[in-house]
1. Any idea which residue in segment 90-112 is surrounded by the most Cβ atoms within 10 Å (Cβ to Cβ), counting only those that are among the aromatic types (F, W, Y) and modelled with pLDDT of 95 or more?
2. Against the conditions (1) touching a helix residue (DSSP H, G or I) at 6+ places or on another chain (Cβ under 7 Å); (2) surrounded by fewer than 19 Cβ atoms within 10 Å (Cβ to Cβ), where does V192 fall short? Just the number, please.
3. Can you tell me which condition K147 does not meet? The list is (1) within 19 Å of F227 (Cβ to Cβ); (2) surrounded by fewer than 14 Cβ atoms within 10 Å (Cβ to Cβ), and all the others hold.
4. Failed condition for F97, given (1) of a type in the set (F, W, Y); (2) assigned to a helix (DSSP H, G or I); (3) touching a helix residue (DSSP H, G or I) at 6+ places or on another chain (Cβ under 8 Å), with all others met?
5. Might you check whether a residue that is of a type in the set (D, E), at pLDDT below 90 and at negative phi occurs anywhere in segment 168-184?
6. Which condition number in (1) surrounded by fewer than 21 Cβ atoms within 10 Å (Cβ to Cβ); (2) out of contact with any Lys or Arg (no Cβ under 9 Å at 6 or more places or on another chain) is the one that F224 fails?
7. Output yes when any residue across segment 97-112 is under 14 Å from the mean Cα position of the chain (by Cα) and aliphatic (A, V, I, L, M), and no when none is.
Amino acid sequence: MKVSVVIPTYNERENIKGLIPEISDVFEKNGINGNLIVIDDSSPDGTAREVENLRERYPIVLIKRGQKLGIGSAYVTGFKKAMDLNSDIIFEMDADFSHDPEYIPEFVKSLNNYDLVLGSRYIKGGEIENWSLWRKMMSKGANILAKVLLGLKVNDITTGYRAYRKETLQGIDLDKIKSNGYEFQAEILFRVVERGFGIKEIPIVFVDRRTGRSKLSKIEIINFFIFCIRTGIRRLFHLK
């Protein structure tokens, strides 16, 4: 079984140089045949150069893009590359240490019986550390809104720590994904549910980034709400 971890980056040099060795260590300790696929959107801080240096010691595929094109398209690019490499399991993970690599074996084990596994902050055992009350309220509110409008029986719709079976991504037609920002997570999950794939949530402790600043902007939050409302209306009235 082959595992790929897809990580989009933009100005994550300080984080990525520590994260890649940690993920590789988890692979080695747990006997996982794994690699990393890093998609860098021309980071001014030299993230791509750092990854190139690490590539001498770790199994990394680096995809360099000429400009900042958005997290949604980065994930689609990474997913397609993973499938080209015949990966059986494909992860998505943030580059900022918010997602602990130690959970990777639990994701892999859960995919024996499910098509998509979500790392959830909003089920028993899940937790968020180092977030302000305002940010926690925004995240929880976004999840409640998406759950209602999209009709999803999932507690953490916006989580960015996920593992897919290859067949799941093949079954949802990645070329039809339209979202490119924060709403990407909701759209791809909606498509997975639409096609009847099995989903499991496992609890994770989400820790705010170690260094750097969050990439989540106000316009991305607005786009997320617009996506949920539009999709909810189409779902309600059975529109395509």
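The values are calculated or read from the model by the stated rules, or taken from the named source; none is laboratory data. Everything numeric here is computed off the predicted structure, so don't read it as measured data. So basically every Cβ, Gly included, is an ideal-geometry build from the backbone, and we count neighbours across all protein chains shown.
1. Our first condition is that a residue be among the aromatic types (F, W, Y); within segment 90-112, this holds for 91, 97, 103, 107.
Then drop every residue that is not modelled with pLDDT of 95 or more, which leaves 91, 103, 107.
Details: F91: 28, Y103: 20, F107: 24.
Once the filter is applied, the top-ranked residue is F91.
2. (2)
3. (2)
4. Only one criterion is unmet by F97, namely (2).
5. Keep residues of segment 168-184 that are of a type in the set (D, E), which gives 173, 175, 183.
Going one step further and asking which of them are at pLDDT below 90, we end up with none.
No: zero hits.
6. (1) is the only condition that F224 fails.
7. Yes, because at least one residue in segment 97-112 is under 14 Å from the mean Cα position of the chain (by Cα) and aliphatic (A, V, I, L, M).
To keep it simple, each residue is scored yes or no on (1) modelled with pLDDT under 90; (2) in a strand (DSSP E or B); (3) aliphatic (A, V, I, L, M).
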site: F197; (1), (2), (3): no, no, no
site: E201; (1), (2), (3): no, yes, no
site: L216; (1), (2), (3): yes, no, yes
site: I219; (1), (2), (3): yes, no, yes
site: F227; (1), (2), (3): no, no, no
site: T231; (1), (2), (3): no, no, no
site: R234; (1), (2), (3): yes, no, no
site: H238; (1), (2), (3): yes, no, no
